[in-house]
1. Considering only segment 311-329, state which residues are surrounded by 21 or more Cβ atoms within 10 Å (Cβ to Cβ) and within 16 Å of Gly56 (Cα to Cα).
2. Is it the case that some residue within segment 301-315 is of a type in the set (Gly, Ala, Ser), touching a Phe, Trp or Tyr at 6+ places or on another chain (Cβ under 7 Å) and within 23 Å of Pro398 (Cβ to Cβ)?
3. Out of segment 271-300, which residues are out of contact with any strand residue (DSSP E or B) (no Cβ under 9 Å at 6 or more places or on another chain) and surrounded by fewer than 20 Cβ atoms within 10 Å (Cβ to Cβ)?
4. Which one is nearest to Tyr453 (Cα to Cα) among residues in segment 472-505 that are of a type outside the set (S, T, N, Q), without any contact (Cβ under 8 Å) to a residue 60 or more places away in the chain and surrounded by fewer than 19 Cβ atoms within 10 Å (Cβ to Cβ)?
5. Just to confirm my filter: which helices (runs of 4 or more DSSP H) fall fully inside segment 172-269 and include at least 1 residues that are of a type in the set (D, E, K, R) and within 15 Å of the chain's Cα centre (by Cα)?
6. Of the residues in segment 374-398, how many are surrounded by 24 or more Cβ atoms within 10 Å (Cβ to Cβ), modelled with pLDDT under 95 and closer than 13 Å to Pro321 by Cα?
7. Of these, Thr531, Thr551, which one is polar (S, T, N, Q) and either outside the structural domain of Leu383 (by TED's automatic domain parsing) or assigned to a strand (DSSP E or B) (or both)?
Amino acid sequence: MKKMLAILLSVLMLLSLAVPASASTPVVNGQIITLKTGASNLAGKTVILHTNDVHGALAGYAYIPPLREFYQSAGADVIVVDAGDFTQGNPYVSLSKGHSAIDLMNAAGYDVVTLGNHEFDFGYAQLMANLKDASFKAICANVYLKGTTDPILEPSTIIETASGLKVGFFGMETPEAATQVNPALITEIDFSTFDNLYTAAQTAVDGLSEADVVIGLCHLGIDSESAVNGYRSTDLLEHVNGVDFVIDGHSHTTMTVGEKGEPIQSTGTQFATIGVVVIDNETKTIVDNYLHPVSYLSQDEKVAEMAAGIMAEVDEVYGAPFATSEIVLNGERDPGNRTEETNLGNLITDAMVWSVTHEGGIEQFEPSHIVGITNGGGIRATLQPGPISMKDINTVLPFGNTVAVVYVTGAELLEVLEASTFCTPKAIGGYPQTSGIKWTIDTTAEYDQGEVYTTISGGESSYFAPASIKRVTIESINGEPFDPEATYAVVTNNFCAVGGDTYNVFKNAYVAGSTFDTSIPMDEAVMQYITNALNGTITAETYGEPQGRTTQIR
């Protein structure tokens, strides 16, 4: 009872923003988040407030100004930063090609950000145009103009507080962006890959020799699929000297420390929490770090009104229901679309195939030789039972990709499935959600890693070709025997069609001219399929469960 009263008292204190946090230990996304009390006097301290992977959760920006003002009123100098993926994720940001996020971050008072892979979803040129309107500084040490060693942004920056503390920040982008973004939209730039990632980071850190404290703004994450190439924030800390702390993003992890005690913190995604790092100005050391859940925080009225206005405009156009669902359609990551066949993956790939065959364009192919594939990482949200709006579908498929067709041999199709499941059952963004293919993945067999794949602009990919096919078999195509020498029309998205994620085989077809883009947006294809082919209702009979297209041996 005493403990419960203590927790209640601390929450009430937080609701009035009297002091930061209490000794309670709430759980956020399965992680224990330690809150702090007794920090009402922060004179002589610098506080860094940080976010990451906001992905269009615009309303959350209204929490930043009051929290900053609270720490300032307690005597601290405050710096506000973000670790990337702020300009993509739902229609509230995607319809403006990311600019609405820049507007909200300006209003919230951010100081420094680094880039996430999704900052490039609308292309390099659009990103740079957006950043011209930013009142904050954007830094990134490991993305270069094509064929040069010139970073597209300043690698690092130093912010000197009113108290005279010099806080150095360097920015790092995941090299996976080279294939997790549509490669055709980023032909102007190169990414540091493999050990060059550490070299770029070390050079940036060395350039911060005048800083009292060095903080990495790293969009690297700790996903297991990133461990293969050493692209995690934990890998960077292992290879780079002089980093005091890493503010991380990319893997949507909620953590206050790394897996082995590394000085890393990450807030999850979409304002699940706001991160706090406390630096002692006199000793020039980090003395505390923790996460604020936002549920008890107040919001700045002007920022909240600005966010609400943007959201209302989108809702007015996209919010009206056009269909209904009787079931939950699984849009989760892991377990979900990055690890296994899902009913939502079934629906989307069926819709893509339907859109092409319905509209025409591949009449020369027998229906038995037309299949569908989309990357599971492109499916971003779950559809709940009940009314479905355009906004719901756009939230599931937020990247503006179009339906494309790639012509490949059966052997090449087999390579695509092998490469895109190289780490299954561990999650991978390229995991194939399929239509018309009955196939098996033996996860107990070791992936036979061959040469590194290359992007359409000639740079190194984050993934490797299979030297041989050891894990995947195809039983049938549309109920007929699979033929490795036959040519198949693969209905996919334009991201995969140019070699995004693990789909390098499609890139080769694209370069050879064996593809075409229908220009049909994926979200529109799905909406038309639901409306016309399913008569406006997704039933349990049609998509209640995954349809058994993929078998996993574990």
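The values are calculated or read from the model by the stated rules, or taken from the named source; none is laboratory data. Just so you know, these numbers come straight off a predicted model, no measurement behind them. When we count neighbours, we look across all protein chains shown, and the Cβ atoms used for this are built from the backbone with ideal geometry, even at glycine.
1. Val314
2. First, pick out the residues of segment 301-315 that are of a type in the set (Gly, Ala, Ser): 304, 307-309, 312.
Next, only the ones that are touching a Phe, Trp or Tyr at 6+ places or on another chain (Cβ under 7 Å) stay: 307.
Filter once more, so that each one left must be within 23 Å of Pro398 (Cβ to Cβ): 307.
There is at least one residue in segment 301-315 that is of a type in the set (Gly, Ala, Ser), touching a Phe, Trp or Tyr at 6+ places or on another chain (Cβ under 7 Å) and within 23 Å of Pro398 (Cβ to Cβ).
3. Our first condition is that a residue be out of contact with any strand residue (DSSP E or B) (no Cβ under 9 Å at 6 or more places or on another chain); within segment 271-300, this holds for 282-283, 295-296, 298-300.
Glu282, Thr283, Ser295, Tyr296, Ser298, Gln299, listed by residue number.
4. Start the filter on segment 472-505 by keeping residues that are of a type outside the set (S, T, N, Q), which leaves 472, 474-475, 477, 479-486, 488-491, 495-501, 503, 505.
From what is left, the residues that are without any contact (Cβ under 8 Å) to a residue 60 or more places away in the chain are 472, 475, 481.
Right, trim to surrounded by fewer than 19 Cβ atoms within 10 Å (Cβ to Cβ) and you get 475, 481.
On the way: Glu475: 27, Pro481: 29 Å.
Filtering first and then ranking leaves Glu475.
5. Numbers: elements: 177-180, 195-206, 224-227, 233-239.
Once the helices (runs of 4 or more DSSP H) in segment 172-269 are filtered for at least 1 residues that are of a type in the set (D, E, K, R) and within 15 Å of the chain's Cα centre (by Cα), what remains is 224-227.
6. 1
7. Working: Thr531 fails: either outside the structural domain of Leu383 (by TED's automatic domain parsing) or assigned to a strand (DSSP E or B) (or both).
After ruling out the rest, the residue left standing is Thr551.
Each row is one residue, and each column tells you yes or no for (1) more than 20 Å from His118 (Cβ to Cβ); (2) out of contact with any Ser or Thr (no Cβ under 7 Å at 6 or more places or on another chain).
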{"position": "Asp150", "(1), (2)": "yes, yes"}
{"position": "Ile158", "(1), (2)": "yes, yes"}
{"position": "Met172", "(1), (2)": "no, no"}
{"position": "Ala200", "(1), (2)": "yes, no"}
{"position": "Thr234", "(1), (2)": "yes, yes"}
